[in-house]
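A.B. asks: Let me give you the structure first, and then I'll get to my questions.
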Amino acid sequence: MKNITVIGSGTMGNGIAHTFAQHGFNVSLVDISTEALDKALQTITRNLDRQVSKGILTGEQKHATLGRIRTFTETGPGVSDAQLVVEAATENTNLKLDIFAQLDKLAPSDAILASNTSSISITKIAARTGRPEKVIGMHFMNPVPVMKLVEVIRGYATTDETTARVMELAAALGKSPVEVNDYPGFVANRILMPMINEAIYSLHEGVAGVEEIDTVMRLGMAHPMGPLQLADFIGLDVCLAILRVLQEGFGNPKYAPCPLLVNMVEAGKQGAKTGEGFYTYT
Ligand code: CAA
């Protein structure tokens, strides 16, 4: 595989485009506005500069990486030569279902269609296409150029061949892919989100303050970020959406989002991206 299309140029989409291009793939990055695409290219350039300053890449490799990324505001031309499409749009079920129905019409019939969804059912997404055997989850972690894991999610109809090709591709990016089955939250978020929710409950119930809770987990459990800082980093709206998928998918009250999380999201406090969550950002 050589030609990869990434749908959506937000935090995850630009990180995925960056990583594929860095490893020699031709990347078509698709978003609805040129403003979003310009912003994504600026972010990729900034993150490549970090890698150059750390000696991970040379200046030449940085330019070659940028040279492998083309941008498109229309899906049709963006996917015309794709061998793999990775969708990284907003975490909204109906939006993703519509995108996959469209991709199925526009992408070459032998292309694999992957979703970077963090919790939406791959089986449900695949059912919107005429090629469910070629639909799979390819769940990258933020920041994509740094984090080693790719959670590879097999939907009900995903074949061994599709899975093997995506596992190989993730390994070619220097990542460690892990194969999991399609149940709510897969593995990463089924374990991560209840921990974050419990940290929010600990704050809500006055067990300890924000910094104290994060310090316990950073210094006591060697997590690089405490759960509240991580929630801000992921986005509180995203955490809430994933908890709702778990709650609905398992029908179990243990996944009910903490009321404090619900209130913060309703108040527009979505974490680092809005300048305020459990911490404030300038
Ligand atoms: N692109 C390229 N390099 C980057 C980068 C980016 N976007 N962001 C950070 N880096 C690099 C830095 O250059 C630095 O490199 P060295 O190790 O070679 O020095 C390294 O990453 C560390 O960066 P910083 O020194 O700036 O900051 P840090 O040491 O605090 O690490 C972090 C930052 C990597 C984000 C670290 O705090 C961390 O691992 N946090 C936890 C991240 C995590 O859990 N991610 C998963 C979230 S869940 C998810 O994504 C999926 C979901 O479904 C919700």
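What follows is calculated from the coordinates using simple rules that are stated; it is not laboratory data. Remember, predicted model here, so these are calculated numbers, not experimental data. Note that we place each Cβ from the backbone using ideal geometry, even for glycine, and neighbour counts take in every protein chain shown.
A.B. asks: Give the relative contact order (percent, whole number) for segment 145-229; include only Cα pairs under 8 Å separated by 6+ residues.
C.D. replies: Worked out over segment 145-229, it gives 23 percent.
A.B. asks: Peptides 172-180, 76-84: what's the order by average Cβ count within 10 Å, highest mean first?
C.D. replies: 76-84, 172-180
A.B. asks: Taking amide H atoms as placed 1.01 Å from N in the peptide plane, list the residues 5 or more away in sequence, or in a different chain, whose amide H sits under 5 Å from that of G235.
C.D. replies: Here A272 satisfy the definition.
A.B. asks: Please give the contour-minus-distance gain from K148 to S80: 0.36 nm per residue of separation, less the Cα-Cα distance, rounded to one decimal in nm.
C.D. replies: 21.5 nm is the gain from fully extending K148 to S80.
A.B. asks: Among DSSP beta bridges lying fully in segment 119-269, give the percent that are antiparallel, nearest 5.
C.D. replies: The antiparallel fraction comes to roughly 45 percent.
A.B. asks: Among 243-253, 128-138, how do they line up from the highest to the lowest mean number of other beta-carbon atoms within 10 Å?
C.D. replies: Top of the packing list down: 128-138, 243-253.
A.B. asks: Hey, another quick one. Run through the DSSP bridge list for segment 102-158 and note the antiparallel percent, rounded to the nearest 5.
C.D. replies: Counting only bridges with both partners in segment 102-158, antiparallel ones make up about 60 percent.
A.B. asks: For segment 189-274, what log10 I(q)/I(0) values come out of the Debye formula at q = 0.14, 0.18, 0.25 1/Å, with one point per alpha carbon and no solvent?
C.D. replies: -0.44, -0.73, -1.31
A.B. asks: Determine ³J(HN,Hα), in whole Hz, for all residues of segment 131-144 in sequence, where each value follows from phi through the Karplus function 6.51 cos²θ - 1.76 cosθ + 1.60 and θ = phi - 60°; x replaces Gly and Pro.
C.D. replies: Listing the rounded values in order: 9, x, 5, 10, 10, 8, x, 10, 9, 8, 10, 8, x, 4 Hz.
A.B. asks: What number, rounded to the nearest 500 deg cm²/dmol, is the helix-based mean residue ellipticity at 222 nm of the chain, given -39500 (n - 2.57) per DSSP H run of at least four residues and division by all its residues?
C.D. replies: One gets -15000 deg cm²/dmol as the mean residue ellipticity at 222 nm.
A.B. asks: Another question, then. Taking just the C-alpha trace of segment 91-205, give me its Rg and Dmax in Å.
C.D. replies: 15.1, 53
A.B. asks: Now for a different question. Helix hunt in the chain: which complete DSSP H runs extend at least 27 Å axially by C-alpha with mean Kyte-Doolittle at least -1.0?
C.D. replies: Span-like helices in the chain: 34-53.
A.B. asks: Could you tally the net charge around E179, taking each other residue with its Cβ under 14 Å from the Cβ of E179, Lys/Arg +1 and Asp/Glu -1?
C.D. replies: So the surrounding residues net to -2.
A.B. asks: So for the chain, averaging the separation of alpha carbon pairs under 8 Å that are six or more residues apart and normalising by length, what relative contact order in percent results?
C.D. replies: Contact order relative to length: 13 percent.
A.B. asks: If the cut-off is 20 Å between C-alpha atoms, which lysines fall inside it for K124, apart from same-chain ones fewer than 8 positions away?
C.D. replies: Hits, sequence-local ones excluded: K96, K105, K134.
A.B. asks: May I ask you to list the aspartates and glutamates whose Cα is less than 13 Å away from that of K62, ignoring any residue fewer than eight positions away on the same chain?
C.D. replies: D49
A.B. asks: Here's a follow-up. In debye, nearest 20: dipole of the chain around its Cα centre with unit charges on the Cβ of K, R (+) and D, E (-)?
C.D. replies: Taking the Cα centre of the chain as origin, the dipole is about 500 debye.
A.B. asks: How big is the shadow of the Cα convex hull of the chain, averaged over all directions, in nm²?
C.D. replies: Computed as one quarter of the Cα hull surface, the answer is 14.7 nm².
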